[in-house]
Amino acid sequence: MNETGRTREMAAGGSNFIIEKEVFQLYIAHACINILKMIFVAYYTVFKRFANKTFSTKEDYEGFAATMEKDDVKKKLAECDPEVERVRSCHRNDLENIPAFLVVGLLYALTNPGVDAVSLHFRVFTLCRIIHTMSYLLPLPQPSRFLGFSVGTLSMVSMAIQTLLMGKL
Ligand SMILES: N[C@@H](CCC(=O)N[C@@H](CS)C(=O)NCC(=O)O)C(=O)O
């Protein structure tokens, strides 16, 4: 091996560690789609809070619903709005899954599994998260949300096991 090749391999920590450009582009695309989707859900929570005049703190009521009586504010703070809670649950579920995908997806991509395999795993995960969000927010009848969650996690389990089986990168 010539000097440049050796330096490249050392820097990368082994030949399997070099990520293909197309695979990295897939990772960037799916990471961004999932992050944007999650940000959408956060803003949808804001929208629902304004639509239902249901805020999380006293100062929010003072700032955004100043005309409300103090007693009504107290009552609102003590109770839960089912529509707002639904969007918050959807967001929490994203937080339970998408950061894990960002980590395991990158580790899996680093094992050099080939563009087709990466593309399949990433597409399945992203599509499932979109189905999960639609099922939660529209809402759609079960088992659509369950399938969105479970097939998406299966894609992550598959990536994690394959990455683990690669042993030493
Ligand atoms: N933290 C979740 C773990 C299991 C899960 O993610 N289940 C999916 C499919 S039924 C779900 O959408 N759970 C509802 C939720 O997280 O709000 C839960 O409490 O349900």
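Those helices (runs of 4 or more DSSP H) of segment 21-78 in which 2 or more residues are closer than 29 Å to D116 by Cα occupy 21-51. Scanning segment 132-150 for residues that are open to solvent by 60 Å² or more (accessible area, probe 1.4 Å), within 11 Å of the ligand (Cβ to nearest atom) and not in a loop (DSSP other than H, G, I, E, B) returns R145, F146, L147, F149. Going through (1) open to solvent by 40 Å² or more (accessible area, probe 1.4 Å); (2) more than 12 Å from the ligand (Cβ to nearest atom); (3) aromatic (F, W, Y) one by one, Y108 falls short only on (1). Within segment 81-99, the set of residues being farther than 17 Å from L137 by Cα and either at pLDDT below 95 or more than 11 Å from the chain's Cα centre (by Cα) (or both) is empty.
Counting just the residues of segment 121-131 that are more than 12 Å from the ligand (Cβ to nearest atom) and within 22 Å of F24 (Cβ to Cβ), which one comes out surrounded by the most Cβ atoms within 10 Å (Cβ to Cβ)?
Per the stated criteria, the residue is F125.
Do we find a residue being open to solvent by 40 Å² or more (accessible area, probe 1.4 Å) and away from the ligand (no atom under 12 Å from the Cβ) anywhere in segment 82-94? There is at least one residue in segment 82-94 that is open to solvent by 40 Å² or more (accessible area, probe 1.4 Å) and away from the ligand (no atom under 12 Å from the Cβ).
The values are calculated or read from the model by the stated rules, or taken from the named source; none is laboratory data. Quick caveat, the model's predicted, so the values are computed rather than measured. In this analysis, Cβ positions are derived from the backbone assuming ideal geometry, glycine residues included, and neighbour counts consider all displayed protein chains. Side chains included, ligands, DNA and RNA excluded: accessible areas come from the protein's heavy atoms. Shrake-Rupley method; radii C 1.70, N 1.55, O 1.52, S 1.80 Å.
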